[in-house]
1. For labels at Asp253 and Arg519 in the simple 7 Å Cα→Cβ model, what's the distance in nm?
2. Net charge around Asn460, counting only other residues with Cβ within less than 12 Å of its Cβ (Lys, Arg = +1; Asp, Glu = -1)?
3. On a 0 to 90 degree scale, rounded to 10, what angle separates helix 468-480 from the longest Cα axis of the chain?
4. With an 8 Å Cα cut-off and a minimum separation of 6 or more residues, compute the relative contact order for the chain in percent.
5. Put +1 on the Cβ of each Lys and Arg and -1 on the Cβ of each Asp and Glu in region 423-573; which of Ser539, Pro498, Ser470 then has its Cα farthest toward the positive end of the dipole?
6. So who's got an amide H within less than 5 Å of the one on Leu420, skipping anything under 5 residues away but keeping other chains? H placed 1.01 Å off N, in plane.
7. So what's the gap between the Cα centers of region 1-50 and region 251-279, to the nearest angstrom?
8. For region 391-457, with the dipole built from +1 on Lys and Arg beta-carbon atoms and -1 on Asp and Glu ones, taken about the Cα centre, which of Gly452, Leu403, Val392 lies farthest toward the positive end?
Amino acid sequence: MIEKELLAVARGDRPADRLFRNARLVDVLAGEIREAHVAVARGRIAGFGARDAREEIDLEGRYLAPGLIDAHVHIESSLVVPSQFARAVVPRGVTTVITDPHEIANVLGLPGIRFMLRDGAGVPLEIFANASSCVPASPLETSGASLDAEDLRSLLDEPRILGLAEVMSFPAVVAGDDGVLAKLEAFTGRIVDGHCPGLSGPALDAYVAAGIGSDHECIRLEEAREKLRRGMTVFLREATNARNLEELLPLVDERSERRLCLCTDDRTPADLMDEGSIDHLLRKSLAAGVDPVIAFRLATLNPAEYFRLPDRGAVAPGRRADLVTFSDLRDPRIEEVYLAGSLVAEGGDPLFSVSPETDETVRGTVEVDPETLDLSLPARGEGGRIRVIGIVPDQILTEELHLSPTVEDGEIVADPDRDLLRIAVVERHRGSGRVGRGMVRGFGLRRGAVAGTVAHDHHNLIVIGADEESMRTANRAVVETGGGLSVARDGEILARLPLPVAGLMSDRPVEEVRREMDRLLSAVRDLGSSLRDPFMAMSFLGLEVIPSLKITDRGLVDADRFEIVPLRVGASS
């Protein structure tokens with residue numbers, strides 16, 4: 001609806017609510033940085049030039065830019081509910097996020113998605129979502145819920161649902177699976193996001209021909225170029241455990257930049273509060289030599305246009321007055337944040353408080369009896385090699401290693417001297433007691449164990465340890481708190497972080513969660529791991545739609561061939 005009062009302010013017949021004087025405007029539409037006075041009325045940009053206003057703010061030559069937009073984020077990875085997440089990212093200049101709530105959807109289904117939308121309503125952050133397309137991510141895992149095309153269709157009338165979230169079952173798309181195609185057809189005419197790591201050639205052609213428009217899983221420059229050539233929009237990602245931005249920045253030039261966006265995907269509280277969110281990616285882009293206007297487009301106009309949100313992403317008459325100010329164009333540190341014209345953060349601090357409301361419908365999701373779990377790993381067969389998951393630092397890709405195990409009394413045991421640890425995934429949604437067992441290299445523990453109910457995307461209970469007693473203790477610590485993360489040594493719980501909301505999130509202040517997470521990380525490092533974030537690294541070892549070798553409650557998964565494989569090399573499945 002066109003507001004006559006806004007038009008009156010634009011004409012100069014009525015005073016603006018607020019006038020930003022003497023700004024250096026980052027104009028992502030005209031492709032320039034220019035001096036301007038910017039008038040705001042009724043939460044929108046009214047126009048440019050000096051005019052009467054109820055309040056004047058003299059920026060004295062500081063920069064004014066559109067609010068930042070995160071093109072793809074899983075809020076659950078911040079370990080706090082959406083309203084607390086807002087307190088972490090809004091002071092960083094983020095005013096809009098497009099989230100895929102498939103983490104909680106894999107635990108609770110549609111009620112989980114609706115909880116995320118409900119909790120995010122009313123905070124000074126524009127939270128949009130795409131309907132989670134892959135719940136479960138594949139048949140090779142056990143999740144807490146399953147969403148088919150009709151379930152997803154029920155979300156089409158939700159005003160904050162923009163389209164279909166990352167379609168992770170890319171082999172099923174390429175093969176023309178009826179169930180996946182039904183989901184795509186339900187969202188015909190809407191945005192459909194992709195997820196196709198390493199996909200190339202004719203298989204990529206088939207994936208794009210199904211109507212999928214973006215990908216955020218590129219890790220190599222040529223992979224991203226091929227996807228651009230197929231018409232996809234590429235999201236340049238810098239997550240906590242998938243740091244791909246630097247590798248892909250050479251893609252950014254005047255010919256390709258309009259089909260590129262920035263996204264964080266999965267970031268922990270420490271990274272959000274220390275490095276930042278999209279503002280961190282913006283600074284990294286500028287430091288690499290990207291033109292400032294282009295860098296801001298990646299974080300504002302481009303995602304707004306891709307997601308068909310024409311009311312934001314630029315400073316122009318009629319658009320939302322989502323604005324940020326800063327002083328240094330080459331190293332922008334956000335000073336003030338305005339959402340719809342209202343000041344919501346200043347000096348790195350939120351100017352709002354939140355009171356999350358959770359109930360039993362999102363709690364009590366861990367159905368595990370830690371005392372009866374069988375974590376044993378019998379050494380079946382004489383000699384030979386076993387498949388071992390090889391961690392790749394700062395990536396969610398893994399390697400498939402073939403190594404000789406250490407065997408004691410007929411059991412395969414951890415061998416910290418060789419950096420070989422036990423790993424297990426325990427089904428926690430239905431109380432089945434099913435356990436997938438394996439070995440992992442690259443985690444670095446010398447002793448003890450870590451466990452958590454954050455294990456993408458099925459979010460079963462995952463544990464890595466140097467001995468079985470420590471693994472049992474870590475499991476028990478997580479179960480006792482209704483989900484969360486823990487560190488243990490022998491029979492002692494060294495640290496834990498309760499995440500009672502779906503076993504994924506806390507409703508406590510993000511600052512508290514960050515402090516407890518720091519204690520967890522310190523405890524893990526004392527046990528020997530030097531990984532940047534061992535818990536994030538562990539969580540992605542269960543994501544069977546990312547190559548190469550992963551593990552779920554159903555066993556080891558060859559993510560290249562998309563099938564369960566035996567632990568022993570050469571054994572029949």
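The values are calculated or read from the model by the stated rules, or taken from the named source; none is laboratory data. This is a predicted model, so every value here is computed, not measured. A quick note on method: Cβ atoms are made from the backbone with ideal geometry, for glycine too, and the neighbour counts reach across all protein chains shown. For the accessible areas, the whole protein counts, side chains as well, though only heavy atoms, and no ligand, DNA or RNA atoms are used. Shrake-Rupley method; radii C 1.70, N 1.55, O 1.52, S 1.80 Å.
1. With each label placed 7 Å out from Cα toward Cβ, I get 5.2 nm.
2. Numbers: positive: Arg428, Arg430, Arg434, Arg554; negative: Glu141, Glu367, Glu427, Asp457, Glu544, Asp553.
Residues near Asn460 contribute -2 overall.
3. Taking Cα atoms only, the helix is inclined about 40 degrees.
4. Dividing the mean separation by the residue count of the chain yields 15 percent.
5. In region 423-573, that residue is Ser470.
6. Amide H neighbours of Leu420: Asp415.
7. Spelled out, the Cα-based centre of one part sits 28 Å from the other.
8. Value: Gly452.
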